[in-house]
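To start, the structure itself, in C-alpha cells.
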Ligand code: ADP
C-alpha cells in the first residue's frame, strides 16, 4: 500500500464562517460569477450575513459585480479585511493585483500561494454563509480547494448546451470523489424572450440541465433566462437581485432558498 495515497488531507474550517457553499461550473462563460453574486445578494435579502470569496484568480469578476475596487486593509494580526458593498463581505485577487489591464503570468507555485492566501488569510466577520466563486473546470486549484476546506455543498451552473453539460458531469465526479455534497444544478441563459415580439428562443437548447439533473439524481434548482438586464446591471456593478421584489430578484430568491 502506498501510504501517501491513503492519507487524507485535513479539512480546515474557516474561522467566523458557519457554512461554505461553492458555486462552480464545468466551462467558463456560462454565468457562474453572475449567479454567485446574485445568489449572495438574494441570501443577504433573507437576512443572512453573507460573504463572497472570488477564487477565480485568472478572471476575477466579483470586484466589478459588486462595484468595488482598491486595496483591502489589513487587520491588526495581518489578515486581509474584506471589502464590503450591499452589506456583503467580499475578497478577490482582483483587489490584490497591480492593475486591471495588467494580467499576471501565473506560475504553478504562485497559483498555489495566492489560493492559500485567499482561503486562509481573510478576516471574515461573523458569516452565516460564504459563497465561493470557483475557477471554471476541474483543475488542480478546484481539487485542492475541495480537499482542504470543509465545504457544506456545491452549486453547479451550466447552460443546456451539450458541450457545457459534458463538463458538468466531470465536475460532479470530482466533487463526489472528495466528498463535497452537491446541492444542485442551476440552468443559466435558458431562454431569450424577444422584447419586440415576445418570441421565446432557447439559444443553448431546452431542458438540457433539467434532464441531466434527472439522469444524475441531483436536484434541479431553477432556470435563469438570458436577459439584457442581467448583463447590463452586472456591468454597472448593481446585480439584479438587489431589486428583490422584481421578477428576476424573486427568481434568484427562490434558488437561494434551496441553497441556505
Ligand atoms: P463565468 O463566471 O461562468 O465565466 P460570467 O458570470 O462572468 O460567467 O458571465 C459571462 C458573461 O455573460 C458576462 O458578460 C455576464 O454579464 C453575462 N451573463 C451571465 N448570465 C447572464 C444572463 N442570465 N443573461 C444575460 N447575460 C448573462
Restricting attention to segment 173-190, does a residue exist that is within 11 Å of the ligand (Cβ to nearest atom), at positive phi and either in contact with a strand residue (DSSP E or B) (Cβ under 8 Å, 6 or more places away or on another chain) or assigned to a helix (DSSP H, G or I) (or both)? yes
Report, by residue number, each residue of segment 1-27 that is modelled with pLDDT under 90 and in a loop (DSSP other than H, G, I, E, B). 1, 2, 7, 8, 9, 10, 11
Pick from 251, 165: which is within 12 Å of the ligand (Cβ to nearest atom), in a helix (DSSP H, G or I) and touching a helix residue (DSSP H, G or I) at 6+ places or on another chain (Cβ under 9 Å)? 251
Return yes or no: is residue 92 out of contact with any strand residue (DSSP E or B) (no Cβ under 6 Å at 6 or more places or on another chain) and within 16 Å of the ligand (Cβ to nearest atom)? no
Matching residues in segment 85-110 (in contact with a helix residue (DSSP H, G or I) (Cβ under 7 Å, 6 or more places away or on another chain) and either modelled with pLDDT under 85 or crowded, with 19+ Cβ neighbours inside 10 Å (or both)) number 8
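If I go through segment 211-232 residue by residue, how many of them are in a helix (DSSP H, G or I) and more than 16 Å from the ligand (Cβ to nearest atom)? Before the answer, list the steps.
Keep residues of segment 211-232 that are in a helix (DSSP H, G or I), which gives 211-216, 228-232.
Imposing the further condition that a residue be more than 16 Å from the ligand (Cβ to nearest atom) reduces the set to 211-216.
Adding up the residues that qualify gives 6.
The values are calculated or read from the model by the stated rules, or taken from the named source; none is laboratory data. Here the structure is a predicted model, which is why all the values come from computation and not from measurement. All Cβ positions, even for glycine, are placed from backbone atoms using ideal geometry, and neighbour counts span all protein chains on display.
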